[in-house]
1. Quick one: label points 7 angstrom along Cα→Cβ at A:E350, distances to the other copies in nm, smallest first?
2. In which sequence would A:W408, B:W33 go, from the one with the fewest C-beta neighbours within 10 Å to the one with the most?
3. Just the isolated ones, please: cysteines in chain A lacking another cysteine beta carbon under 4.7 angstrom.
4. Can you run phi through the Karplus equation (6.51, -1.76, 1.60; θ = phi - 60°) for region B:364-375 and list ³J(HN,Hα) in whole Hz, with x for Gly and Pro?
5. Quick one: label points 7 angstrom along Cα→Cβ at B:G484, distances to the other copies in nm, smallest first?
6. Cβ neighbours within 10 Å, averaged per peptide: list B:176-182, B:368-374 in order, most packed at the top.
7. Each residue of region A:218-231 in turn: what ³J(HN,Hα) in whole Hz from Karplus with 6.51, -1.76, 1.60 and θ = phi - 60°, glycine and Pro shown as x?
8. Could you compute how fast chain B diffuses translationally, taking Rh as the Kirkwood radius over C-alpha pairs and applying Stokes-Einstein at 4 °C with viscosity 1.567 mPa s? Give it in µm² per second.
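Readers should treat all values here as calculations from the given coordinates under stated rules, not as data from a laboratory. Remember, predicted model here, so these are calculated numbers, not experimental data. Backbone-built Cβ (ideal geometry, glycine too); neighbour counts: all protein chains shown.
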Number of protein chains: 2
Amino acid sequence: MHTTPEQVENQIVAAHAAYEQARDVEPQVRGSWLEAIAAALEANADELVGLGEQETHLDQGRLRFELKRSVFQLRLFRSEILAGEHLGAIIDHADQDWGMGPRPDLRRVNVPLGVVGVFGASNFPFAFSVMGGDTASALAAGCAVVHKIHEGHLQLALRTAALVEKALASAGAPQGLFSAVVGRQAAEALVDHPLTKAIGFTGSTAGGRALFDRACRRPTPIPFYGELGSINPVFVTEQAWDVRRDAILSGYAASFTAGMGQFCTKPGLLFAPVEDTDEVAALLQQELESKSLAPLLSPKLREGFDAALDKVRSAEGVDVLVKGDDAEAPRPTVLATTAEAVLAQPELLEQEMFGPATLLIRYRPGTDLTELAGLLEGQLTATVQGEPEEKLDDLLTVLRERSGRLVWNAWPTGVSVTYAQQHGGPYPATTAASTTSVGTAAIGRFMRPVAYDSFAPEQLPPALRDNNPWNITRRVDGIHQPAGQKAEAR
Amino acid sequence: MHTTPEQVENQIVAAHAAYEQARDVEPQVRGSWLEAIAAALEANADELVGLGEQETHLDQGRLRFELKRSVFQLRLFRSEILAGEHLGAIIDHADQDWGMGPRPDLRRVNVPLGVVGVFGASNFPFAFSVMGGDTASALAAGCAVVHKIHEGHLQLALRTAALVEKALASAGAPQGLFSAVVGRQAAEALVDHPLTKAIGFTGSTAGGRALFDRACRRPTPIPFYGELGSINPVFVTEQAWDVRRDAILSGYAASFTAGMGQFCTKPGLLFAPVEDTDEVAALLQQELESKSLAPLLSPKLREGFDAALDKVRSAEGVDVLVKGDDAEAPRPTVLATTAEAVLAQPELLEQEMFGPATLLIRYRPGTDLTELAGLLEGQLTATVQGEPEEKLDDLLTVLRERSGRLVWNAWPTGVSVTYAQQHGGPYPATTAASTTSVGTAAIGRFMRPVAYDSFAPEQLPPALRDNNPWNITRRVDGIHQPAGQKAEAR
């Protein structure tokens, strides 16, 4: 079952050879490869969703949406590369009058890195797995991908990988541009291999940090784009609580139980000015009763969830507000504590409970929310439930320093794939806070810029020629030009 | 002389406090700080250049140009931040018809990282030192800087730091936004401090790698932008050699001896189809005779140069083509070997000789230059001397994979500060090949994106408001807009 060291070696070498054939194809061709994969996923949706249901306990509706999202992502990335957005092409014509002295003709374009190792996550069997965001962005960038399968959905992953390989082959992509491996030994070999040029990872903080350290220790270190742990705090202002407490509790209950609480953006902390604890408990209880239940993704994950829940539940000053249970499909748990307790034990805010549980932190009227926010570690998201006219600059700034996405009067679960999306954040949320693993900017992680200095026009790559044969968007002599424009020297 | 641990701690804490005050000022204000520094450097140019002459053995003309470049850089960065280029602002209005399902209103902007530690280099007392590219880009990004002074030009560095602090103060910048430290202990404390959010470094591969490892090992790892070693190969095609051999040798002699060979972009390897070795030796000898000589930057650097030169000179198959000397101001040395010898000992291509020495690699007609290029490690630059009509795609691609800047029929020394410039490259040239330490793109190293999800207009930061109060350039609903345009929802 596990990929042998020889197989891993062969796959990485084949991926590198495929990368060498594929790195300079024109955007139309690379775009057709992405489209071929998208079409194959769509055509086989029933089978894939069925496999997902068997292996993950996630329901069909959710899995269908996730597949749709993955397909959409491939097509959005296709349109980005047709416009050349990922290339970041810049042309500075030679300028005798340049302020520091004559400048030569300088042109810059992003090139792909090479073979990328992508680690699948357990909790998104499509969106962060075989053909998820990391694979899609690496292929869009012009890289080859060797995917480390998450064994939580092994059959689905193997089937998806086979479909991707077949789709790429029929679209004319070089063999080996995508392949998959299984097993821990294969994973480590992938991180260590000299031909591997970057890693995309989504998973636990402990596992991610170990692989990050491994990537840094290499003779030639490589970038490790790891999405690790996040607890996703929500701050409710007193005004918002007064105006719409019930709606907030209802939204919160829905968000932290979505996917049985197994989202990296699950809101795990709610700071609210609760006075009547019983009433809030009753409201949450009622909201939670209607949620459908399912077993967690895997026994290992369940074990981790139980341990984390026990740890928080047994901490000093923590009470059970809504008692869940420990059935195979566990009912959600809401724990509660106070602002004073977390000020005394900030580590209460650092324990992710990956599953259907969350911690409510009651604060007294007049409490300085920025002080509480200042206790937080790096997060993928931070949410504020407030009123538009409130003066919340300080709180928003403290949260901005600690997160990659600020959410206003909405909920952090559900991450749209768009141009502006940022799915990342300071450590330990990720190991590379200046990058995103969702949205079109994700493509740039797998590229690096190269400047062409004083080049003869005949020797320039297409993206940098004055006549713009690829019709891409560029910056010319400091001015941004829409797609398709020629670059005329002044 | 050396900064004490208490002083370092105080300076970092003060820098963080200054960052907190400065992070959200409008571009006009931050731009005025950069301008104040530029004006102060200009106003004190004579004194600074004089100090530089005393401490570095670099000549006045060179130092004046380097200072002019640093001043220009500050003003170029000012114009970049006025246009908001560094903010990468993107606005995606809510869209019910978005392909993967309704998308919320999502807006993205880059925010500064916090306190940045910048390590000065010995060889550019202005351009890569106290007020060099790393400091300028970190300040432009909105960060605070604690600068680790290079003791090779201590008095110049202390004086420059004092001028920068004074200029910032008179321009109204918060105290502590910039300060300088001295000594190895201070350097390590700077890399380790929890409030330090990134490091900019220019220096040796050994020293840089040790600090990179240190930055990665932190409980919260931080990005380490290190520019380390580069040997900057030059490939001369047979056609170019036939057409203009003498001009190539002349340009080469000038480039590898510029600044006494103490440039990170010094061409250290020349691959050329030499047949008559004596004639080439005579031509180089003649070119080199006219070069002015100076002692190297420091005794320590001289020691390293002598050791590296000895190592290459004594390797098997290496001859002395032009014999330098070991005077205090050493005459340049040209060593020579053959393609066969480097194929047998590729490590010959990995020994940087930081000073006035270089290695010529003779190849026979018909030799596969891509095979030789394939032996190279990561480089800042790679140069081809060829003829425009030659078919050189394979060679250029192999060199592109190994470098950050490709130079065509010109020389790698001299790095203009422009929009398209890329001064970086695969390890060991740098520890972060996807970034640059020269050019306007350098600013982005010290920022990270944050998304604003579903925000009330009243709560958005200025850069992301529909009415565009900062008049910056943005991408709105996928379309790039020039500076100053409003973002109207469709």
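1. Copy-to-copy label distances for A:E350: 3.9 nm.
2. If I rank by nearby Cβ atoms, fewest first, I get A:W408, B:W33.
3. A:C143, A:C264
4. For region B:364-375, the Karplus-derived couplings read 7, x, x, 5, 7, 5, 5, 5, 5, 4, x, 7 Hz, x marking Gly and Pro.
5. Nearest to farthest, the other copies are at 2.5 nm.
6. B:176-182, B:368-374
7. Going residue by residue, I get 3, x, 10, x, 10, x, 10, 8, x, 9, 10, x, 8, 10 Hz, with x marking Gly and Pro.
8. On the way: Rh = 24.0 Å.
Here the translational diffusion coefficient equals 54 µm²/s.
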